[in-house]
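Here's the structure we're looking at; comments come further down.
The values are calculated or read from the model by the stated rules, or taken from the named source; none is laboratory data. Computed from a predicted model, the values in this text were never measured in an experiment. FYI the Cβ positions are ideal-geometry reconstructions off the backbone, even for glycines, and counts take in every protein chain you see. Only protein heavy atoms, including side chains, enter the accessible area calculation; ligands, DNA and RNA are left aside. Shrake-Rupley method; radii C 1.70, N 1.55, O 1.52, S 1.80 Å.
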Amino acid sequence: VNSARGVNSARGSNNGDSRRNTKDTSKSSQRTSTSSSSSSASFASSSDENAPKVALPNSRLQMKRPSNASVSLFFRREPAVSRVWLFLQDPDSSNAAWYYANFSNYFITMTIIFTIWQAASEPPVSRFAEGVAQITIEGLMLLEFIIHWISSAQRLAFLKNAYNVLDLLAIVPLGFRIAYGIATPTVDENLAVHALLCCFVPVVRQLKLIRKFQKLQLLLHVLSTTFDALKLLLFLVCLIVLFFGCILYVLEPAQSNQSLSESIYLCTVTVTTVGTCDMAPVTWPGKILAGVLCLISVLFMAMPLSVLGNAMSNTWADRHRILLMTQTRRRLKNLGYTAEDMPKLFKKFDKDGNGDLEMEEFCDLVATMRVGIKPSEASELFMAFDSNGDGGISEMEFMKALFPLDYRRIYRRMSGMTFGA
């Protein structure tokens, strides 16, 4: 009996140990599965976020929301080089950048006036003092260009930028000043160097100021929208000038000593309504033909002027939206954001998962990206993106407004479709 009782007690203890081991094993497996499921969340896996989530036992995550950890990794702190680049590139990036940009504008303007004044018959300072001042000015420009070059993340794109090419041309005269002496040579000493230092320098410094005028984008926008129409009108003008020039060359007698090129020149100044030509037809058929050409030119030249005027009026009425979208696109590129980042970024801030960004979600996106846009400007930008006016921005509207060139390529690759096939 005692032995039987011992056997039963041993069996009971073994069963208790096995049950405790089973509980410990289940708890450890539950902890392992929970940790593995939490660690599998990643910013790149947008498909996992769109999939329905299964509520775990004792889990308070009952609704879909973006991971703060992944968002903070995406918007990681920019290095010091990027801050230097923004300081030189974007006046609105900080107060110091704004003051520096305005001081640079007035400084360059004063150097232009000084260079032109020094080329007068009675210069205000000696040639040697003027040379020392110009070397100091161009040395500061060289220092700025080197810092700008070092802080640039993409060196090839930096050299392709027209503004940076103008900055490089502005420091080219420094080499001539060092090679031919500090004092600026006169016309008798060296005509080519004198013309370079007195004529080329103020022009290229004036071109440096183009970077500061953001509204120049409006003129470029007008030219890009009317370029096809202007090409057609320019072709018709050339056709009219060539046609009437050949007829006028045939009608005019040989005694007038008027060649074909001179006849075309006469028709050109007539069509453009300039009239600064010392030639005139001498025969009655030639005079009648010139009168007909004057009437045609008055009617024809009204078309390109009306096209440009209408395009400029529409662009100026929509100037806030154009400038804001251009500024936003430029700042995104300066901060290193590309078109491939935008779809993932859009899905990250679509908190309710309805496929659209409402006003509050869009303002959170703009504030998190730190592109220097004020809340009032963010509201205007939201209205500019919302093309159909439904109160929400879809992913395709967002991409088409910010990156129109990459819009078709990205969505064709994602959908597997071939446009225009």
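A few notes on this one:
- Dimensions of region 81-132 along the principal axes, based on C-alpha atoms and rounded to the nearest Å, stand at 46, 17, 12, largest first.
- Ligands, DNA and RNA aside, residue 390 has an accessible area near 90 Å² when probed at 1.4 Å.
- Taking all protein chains as they are arranged and a probe of 1.4 Å, the heavy atoms of residue 246 leave approximately 50 Å² accessible to solvent.
- Straight-line cross-link partners of residue 347 among the aspartates and glutamates, defined as a Cα under 12 Å from its Cα and at least 8 positions apart when in the same chain: 48, 49, 356, 361, 395.
- For region 164-223, the spread of Cα coordinates along the three principal axes comes to 46, 18, 13 Å, biggest extent given first.
- Heavy atoms of the protein chains alone define the surface here; on that basis region 117-189 has 60 Å² accessible area per residue at 1.4 Å probe size.
- Debye intensity ratio I(q)/I(0), log10, region 85-179, q values 0.19, 0.23 Å⁻¹ (C-alpha model): -1.01, -1.27
- Mean projection area, nm², convex hull over Cα of region 136-246: 11.9 nm²
- Eigenvalues of the alpha-carbon gyration tensor of region 215-348, scaled by 5 and square-rooted, set the equivalent ellipsoid semi-axes at 50, 14, 11 angstrom, largest first.
- Its residue count N fixes a reference of 2.2 N^0.38 Å for region 197-289, and the Cα radius of gyration divided by that reference is 1.64.
- Accessible area per residue (1.4 Å probe, heavy atoms of protein chains only) ranks 402, 251 as 251, 402, with the largest value leading.
- Reach of residue 160 by Cα under 16 Å, taken over aspartates and glutamates that are not fewer than 8 positions away in the same chain: none
- Under 18 Å of direct C-alpha separation, and excluding same-chain neighbours fewer than eight residues apart, residue 215 reaches these aspartates and glutamates: 90, 92, 318, 377, 380.
- Residue 337 - accessible surface, heavy atoms, 1.4 Å probe, Å² rounded to 10: 20 Å²
- Protein accessible area in region 188-239, 1.4 Å probe - carbon and sulfur %: 73 percent
- Sorted on the mean count of surrounding Cβ atoms within 10 Å across their residues, most packed first, peptides 200-206, 285-291, 153-159 read 200-206, 285-291, 153-159.
- Extending 7 Å from the Cα toward the beta-carbon at both residue 305 and residue 83 defines two label points whose distance is 5.5 nm.
- Share of alpha-carbon pairs per 5 Å distance bin for region 281-402, given as whole %: 2, 10, 15, 17, 12, 7, 5, 5, 4, 4, 4, 4, 4, 3, 2, 1, 0
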